[in-house]
Amino acid sequence: MNIKGNLDGVVRHFVNGVPSLFIFGWAADFDDFERRPIVEILIDNELCGLVTPSTWRSDLQQANIGRGDHCFRYPVPSRYLDFKTHICQIRARGAERELSPPRHFVAERSKIALCAIVKNEARYLVEWICHHKRIGIDHFFIYDNESSDETSGILKEFENVGLVTIIPWASRAFPDTQTTAYNDFLRNYAYHFGWVGFLDADEFFIPLIGERIDEVLKLHDDASAVAFNWRVFGSSGATAFENRLVSDRFRKCATKPFAPNRHIKTFARPESVESVDVHHVNLKNGIYVTSAGRHLTQPPISGKLNAADFVSAQINHYFVKSKDEWDLKRARGMADRAPDDPSRIRPDDFFASHDRNEEDYSPSNLDRLQELISWARGLGPHCAALAPKW
């Protein structure tokens, strides 16, 4: 046998919308191209897998290496996704020498992911996804809770460009639809990422230091979880839906002492998380801090802090929107309650108690958001029809 090959690299690649790290290369028997060598994958001198090259690549065919179908791709095992430097090697089974020089790689997880569960949010999803893409979210995992509007069509168009992973999620299958979705994400997807967050489609993460979420999280580099407070917005006097930016339509919010502002949402390092609740995570190790970096001696199991903390970031919570939109939201029910739970439907007086408009608020960087929404309109007919105007 005259086996030659090359370790081309260790590259991040999306599979079914999920970012994974793969070892890429090729190997062929130049005495008989039909005879396929078995390639041994070694990381840190440990045999971690076998692969038979069979994938076509144009440059190999142009170089007259058989028909060009001598490439391979092998996923880096999750135990090596530990932010440390590793050495990767390949060799042909039965041969003592390596096929090409080893390569060093750092198996970093992809940066920041956002998880949400949605039901009939088609009017708002284009802006919500574009806003969070603008501030630095790398990937979205959206659990579609049996939507009957255009939600699935919009999500599919974002999935087609590798930005979103869609997970169908049925209410009737789970007593608590929201937290079971969050914990499914934690078990099956979160480990690919350095940080993960959990927001609803009416919640917008707003950096107050810098313009991107990674700038905020770097301030909390010693933490395993960060609690960010709500900033509750009112209706700004609107009574009906308008197809304009939510962040532009509603520019009035509650004052800081308003009690619901004490509620939090969390971003966390997935390797430190035992389980996820609606507002908080339960940590296996590490510290939980507030937006100001204050250490929490106990996890915020109530989903609230003693007082709202708007230092490094806040969560703009467009809870009521207009009265017509509130009525639709109320009828839809809450995702953290069982389908047959009467408390799933919020009391109607919630609108009056949360329609707070005491302070003016001016959103920033709307020009960049508008650019991204214009980009999203080109993804397909659903995004084009439902993207907000300005």
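Shape call for the stretch 139-276 from the C-alpha gyration tensor, a ≥ b ≥ c root eigenvalues: rounded (a/c under 1.5), prolate (a/b greater than b/c) or oblate? Here the stretch 139-276 falls in the oblate category.
Scalar couplings 3J(HN,Hα) for the stretch 183-191, obtained by applying the Karplus form with A = 6.51, B = -1.76, C = 1.60 to θ = phi - 60°, are 6, 5, 4, 4, 6, 10, 10, 4, 5 Hz; x denotes Gly and Pro.
Principal axis analysis of the Cα atoms in the stretch 109-197 yields extents of 33, 28, 18 Å, listed in decreasing size.
Note down the Stokes-Einstein diffusion coefficient of the chain in µm²/s, whole number, using a Kirkwood radius over alpha carbon pairs, 37 °C, and 0.692 mPa s.
The estimated diffusion coefficient comes to 142 µm²/s.
Projected label points at Arg12 and Arg332, each 7 Å from Cα along the beta carbon direction, are separated by 3.0 nanometres.
Only Cα pairs under 8 Å and 6+ residues apart enter the sum, and on that basis the relative contact order of the chain stands at 15 percent. Full extension of the chain between Met1 and Tyr191 gives 64.3 nm of extra length, using 0.36 nm per residue less the Cα-Cα distance. At an R0 of 51 angstrom, the distance between the Cβ atoms of Gln62 and Asp221 translates into a FRET efficiency of 0.65. Axis of helix 122-134 versus longest Cα principal axis of the chain: the two differ by about 60°, to the nearest ten degrees.
Helix 366-377 against the longest principal axis of the chain: what's the angle in degrees, Cα atoms only, rounded to the nearest 10? Compared with the principal axis, the helix lies near 60 degrees. Out of Leu21, Leu328, Leu379, any idea which swings most in a Gaussian network model of the chain, alpha carbons joined below 10 Å? Judging by the Gaussian network model, the answer is Leu328.
Restricting attention to the chain, close to 70% of DSSP beta bridges with both partner residues there are antiparallel.
In debye, nearest 20: dipole of the chain around its Cα centre with unit charges on the Cβ of K, R (+) and D, E (-)? Don't skip to the end; give the middle numbers.
Numbers: 48 positive and 53 negative charges, 54 e Å.
Rounded to the nearest 20 debye, it is 260 debye.
Sorting Arg231, Arg97 by the number of Cβ atoms found within 10 Å of their own Cβ, with the fewest placed first, yields Arg97, Arg231. With 0.36 nm allotted per residue and the present C-alpha distance subtracted, the Glu359-Cys48 stretch has 106.1 nm of extension available. Annotation: average projected area of the stretch 161-226 is 6.2 square nanometres, based on the convex hull of Cα atoms across all directions. Rounded to 0.05, the FRET efficiency of the Lys284 and Val161 pair, given R0 = 35 Å and the Cβ-Cβ distance, is 0.50. Mind running the shape call on the stretch 3-106? Use the C-alpha gyration tensor, a ≥ b ≥ c as the square roots of the eigenvalues: rounded below 1.5 for a/c, prolate if a/b tops b/c, oblate otherwise. Cα axes put the stretch 3-106 in the oblate bin.
For the stretch 241-374, a simple Cβ point-charge model (Lys and Arg +1, Asp and Glu -1, everything else neutral) yields a dipole of about 220 debye relative to the Cα centre. For Lys111, the residues whose amide H sits under 5 Å from its own are Gly194, ignoring neighbours fewer than 5 places away on the same chain, with H placed 1.01 Å from N. In terms of other Cβ atoms within 10 Å, His139, His382, His104 run from fewest to most in the order His104, His382, His139.
Taking amide H as placed 1.01 Å from N in the peptide plane, Ala313 has its amide H under 5 Å from the amide H of Leu208, each at least 5 places away in sequence or on another chain.
With θ taken as phi - 60° and the Karplus curve 6.51 cos²θ - 1.76 cosθ + 1.60 applied, the whole-hertz 3J(HN,Hα) list for the stretch 345-351 is 8, 5, x, 5, 6, 4, 4 Hz, x standing for glycine and proline. Working from label points 7 Å from Cα in the Cα-to-Cβ sense, the Arg172 to Ala385 distance is 2.7 nm. Length gained on full extension, Ser275 to Arg212: 20.0 nm, using 0.36 nm per residue less the C-alpha separation.
Where a number appears in this text, it was derived from the coordinates with a stated rule and is not lab data. If you're wondering where the values come from, they're calculated on a predicted model, not measured in any experiment. Using ideal geometry, Cβ is built from the backbone for each residue, glycine included, and neighbour counts are taken over all protein chains shown.
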